[in-house]
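Asker: Handing you this structure, nothing more for now.
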Amino acid sequence: MKNKVIIKDASEIVTCSGFEAKKGKEMQDIAVIYDGAIIIEDGIIKDIGISKEILKDINEDEYEIISAKGRAVLPGFVDSHTHFVFGGYRAEEFSWRLKGDSYMSIMERGGGIINSVESTRKATEEELYTLGQERLDSMIKFGITTVEGKSGYGLDIDTELKQLKVMERLNKDHAVDVVSTFLGAHATPKEYKGRTDDYVKFIINEVLPKVKDKAKFCDVFCEKNVFSIEQSREILKSAKSLGMKIKLHADEIVQLGGAELAGELGATSADHLLQASDKGIKDMAKAGTVATLLPCTAFSLKESFARGREMIDNGCAVALATDLNPGSCFTNSIPLMFALACLQMNLSIEESITALTINGAAALDRADEIGSLDVGKKADIIMLKYPSYKFIPYNIGMNTVDMVIKDGRVVI
Ligand code: NIG
Ligand code: FE
């Protein structure tokens, strides 16, 4: 039997309508329908509009009816940058940072990412799978229906493949859709200490050919004392030539020119960007690279926030993501992210919503399928406890999501 659902009488349906990234001023346009309804069949949106108009010729008895009276309805959130599959924790490092240690100094002493590499190498596939499931269970409560996850806590072939395998299994088994990214160039592993160029060669010659069909994206942590612009360019170009899409951690701590590199290579997204230069911002806008901002990380590291307002004013497509990871930012809190985007980066509520829906989808190269409520797209939908989307950041740090519908089925 067909799975047929109608959501009706919504005080607002925030459609975020569109099939590609919204740039600059377009980010303000979230295309709200008042007194709206959505008709869903087999997990796909069949019609959307004003309740009275689109339901007039429909026999509602054939459908499961969900009343959205007094509620706002939005597309499921797309969290396009996380590192959610990892073993172990780094609470100790967090306490050191509070005492004045910096993220990079901990990394240079052999802690940081390498610390998580040790625990992730030790963890079994089943252990990582169970942890991954728990983390996805938590994300979906905040309305996240698609998440990107990165490898990069293996830095050897077996563990990188183990992380990617876990994400592939979770994508099949869990309601949340998981998009995988290979981040072998996350740090130089102990075995290659002092020989980063050799590690880059190893990634290009031995790892990329083995992971190219197991991850949609290749990402690099392009940062001073991690991977240089030249090393990042080499890896990303090789990944591209193997048919992968590319992303990079760019200009997070030091202004290296990562945003410019993203523009030059036509990266799908450049992420973090706390220190992106004026030219980098223009290059991303010109290349159509999504500028993915991770304000919870800036907050957690006590760094200054990325210049999100200026990026939008310069015509960039900005996305927002949580960056959930065991080190720099251990949170999947969408409410915290909204608070920081609106109150610290001066994005409007509408721009923030665009950033976490259609632009998040564009950052995963999936804006044709998810990220908005349009006919033909997946019925990944959230309903708030409140009548308007404006309650999202107004409820500071509190979850306003009351119902989550994934592929047309109520899951929360
Ligand atoms: O996006 N900056 C590099 N990578 C992650 C942090 C990873 C970690 O510290 O484990 C990030 O912040
Ligand atoms: Fe990251």
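Asker: Quick one: which residue in ASP251, ASP219 is closer than 22 Å to ASN115 by Cα, buried (at least 20 other Cβ atoms within 10 Å of the Cβ) and within 16 Å of ligand 1 (Cβ to nearest atom)?
Answerer: One residue alone meets the criteria, ASP219.
Asker: Give region 217-251 a look and list any residue that's assigned to a helix (DSSP H, G or I) and of a type in the set (Gly, Ala, Ser), or say none. Give the steps one after another, and end with the answer.
Answerer: Looking only at region 217-251, we keep the residues that are assigned to a helix (DSSP H, G or I), and these are 229-241.
Across region 217-251, the qualifying residues are SER232, SER238, ALA239, SER241.
Asker: Looking at GLU127, GLU92, GLU134, can you tell me which residue is away from ligand 1 (no atom under 11 Å from the Cβ), part of a helix (DSSP H, G or I) and under 30 Å from GLY194 (Cβ atoms)? Can you show your working first?
Answerer: Numbers: GLU127 fails: under 30 Å from GLY194 (Cβ atoms); GLU134 fails: under 30 Å from GLY194 (Cβ atoms).
Answer to the selection: GLU92.
Asker: Give me the residue from region 296-317 that is more than 22 Å from PHE84 (Cβ to Cβ) and either within 13 Å of ligand 2 (Cβ to nearest atom) or not in a loop (DSSP other than H, G, I, E, B) (or both) and, out of that set, nearest to the chain's Cα centre (by Cα).
Answerer: By that ranking, first place goes to GLY308.
Asker: When only residues in region 156-202 that are acidic (Asp, Glu) and closer than 18 Å to THR82 by Cα count, which is nearest to ligand 2 (Cβ to nearest atom)?
Answerer: GLU160
Asker: Specify which of the listed residues (LYS201, LYS172, LYS210, LYS214) is touching a helix residue (DSSP H, G or I) at 6+ places or on another chain (Cβ under 7 Å), of a type in the set (D, E, K, R), modelled with pLDDT of 95 or more and assigned to a helix (DSSP H, G or I). Quick ask: steps written out before the conclusion?
Answerer: Values: LYS201 fails: touching a helix residue (DSSP H, G or I) at 6+ places or on another chain (Cβ under 7 Å); LYS172 fails: touching a helix residue (DSSP H, G or I) at 6+ places or on another chain (Cβ under 7 Å); LYS214 fails: assigned to a helix (DSSP H, G or I).
So the residue among LYS201, LYS172, LYS210, LYS214 that is touching a helix residue (DSSP H, G or I) at 6+ places or on another chain (Cβ under 7 Å), of a type in the set (D, E, K, R), modelled with pLDDT of 95 or more and assigned to a helix (DSSP H, G or I) is LYS210.
Asker: With the requirement that a residue be more than 13 Å from ligand 2 (Cβ to nearest atom) and surrounded by fewer than 22 Cβ atoms within 10 Å (Cβ to Cβ), what does region 318-333 give you?
Answerer: Matches in region 318-333: SER333 only.
Asker: What strands (runs of 3 or more DSSP E) completely inside region 1-87 contain at least 1 residues that are over 27 Å from the mean Cα position of the chain (by Cα)? Don't jump to the end; show me each part of the working.
Answerer: On the way: elements: 4-14, 32-41, 44-50, 64-67, 72-75, 77-79.
It comes to 4-14, 32-41, 44-50, 64-67.
Asker: Anything in region 361-412 that is without any contact (Cβ under 8 Å) to a residue 24 or more places away in the chain and either over 22 Å from THR331 (Cβ atoms) or small (Gly, Ala, Ser) (or both)? List them, or say none. Steps first, please.
Answerer: Of region 361-412, the ones without any contact (Cβ under 8 Å) to a residue 24 or more places away in the chain are 369, 394.
Matches in region 361-412: GLU369 only.
Asker: Taking region 341-354 only, how many residues are crowded, with 24+ Cβ neighbours inside 10 Å and either among the aliphatic types (A, V, I, L, M) or within 16 Å of ligand 1 (Cβ to nearest atom) (or both)?
Answerer: Qualifying residue count, region 341-354: 3.
Asker: Continuing with the same structure: Of all residues in region 269-295, which are away from ligand 1 (no atom under 16 Å from the Cβ), surrounded by 24 or more Cβ atoms within 10 Å (Cβ to Cβ) and in a loop (DSSP other than H, G, I, E, B)?
Answerer: THR289
Asker: Now for a separate question. In this structure, does ILE58 turn out to be farther than 18 Å from LYS378 by Cα, of a type in the set (A, V, I, L, M, F, W, C) and either crowded, with 18+ Cβ neighbours inside 10 Å or modelled with pLDDT of 95 or more (or both)?
Answerer: On the way: farther than 18 Å from LYS378 by Cα: yes; of a type in the set (A, V, I, L, M, F, W, C): yes; either crowded, with 18+ Cβ neighbours inside 10 Å or modelled with pLDDT of 95 or more (or both): yes.
Answer is yes for this residue.
Asker: Considering each of SER238, SER232 in turn, give the residue that is among the small types (Gly, Ala, Ser) and within 16 Å of ligand 1 (Cβ to nearest atom). Step through it out loud before you land on a result.
Answerer: On the way: SER238 fails: within 16 Å of ligand 1 (Cβ to nearest atom).
The match here is SER232.
Asker: Also, I was wondering about something else. Which of the residues spanning region 124-158 are more than 20 Å from ASP380 (Cα to Cα), among the polar types (S, T, N, Q) and surrounded by fewer than 23 Cβ atoms within 10 Å (Cβ to Cβ)?
Answerer: THR124, THR130
Asker: If you don't mind, another one. When region 276-297 is examined, which residues are found to be of a type in the set (A, V, I, L, M, F, W, C) and touching a strand residue (DSSP E or B) at 6+ places or on another chain (Cβ under 8 Å)?
Answerer: Listed by number, the residues that qualify are ALA276, ILE281, MET284, VAL290, ALA291, LEU293, LEU294.
The values are calculated or read from the model by the stated rules, or taken from the named source; none is laboratory data. Values in this document were obtained by computation on a predicted structure and should not be read as measured data. Reconstructed Cβ throughout: ideal geometry from the backbone, glycine too, with neighbour counts over all protein chains shown.
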